[in-house]
Amino acid sequence: MQFVTMEDETGIVEVVLFPGVYASLGDPVTNAGPFLVTGKVEDDHGDLSLTVTRVVPFHRRPAPWRRSA
């Protein structure tokens, strides 16, 4: 399990990545993102976190958002 901080234009969120999801990132040092993240927001006594179920490099996101080559 890996805990990371992710940021977008609205702010930052603490993210929980389980082993299979973290492995899908490859090497995060050489694959710095951006990423399209899917998951569930969880509230632990006022502390919000995102439990990620899927991570896709943004340039590989599924249609209809993918540009045609």
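The values are calculated or read from the model by the stated rules, or taken from the named source; none is laboratory data. Since this is a predicted model, take the numbers as computed values, not measurements. These area figures cover heavy atoms from the full protein model, side chains too; ligands, DNA and RNA do not enter into them. Shrake-Rupley method; radii C 1.70, N 1.55, O 1.52, S 1.80 Å.
Data overview
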{"item": "Scope the range 14-31; condition open to solvent by less than 50 Å² (accessible area, probe 1.4 Å) and at pLDDT 80 or above; matching residues", "result": "V15, V16, L17, V21"}
{"item": "Any hit, the range 2-17, residues being farther than 15 Å from V56 by Cα and part of a loop (DSSP other than H, G, I, E, B)", "result": "yes"}
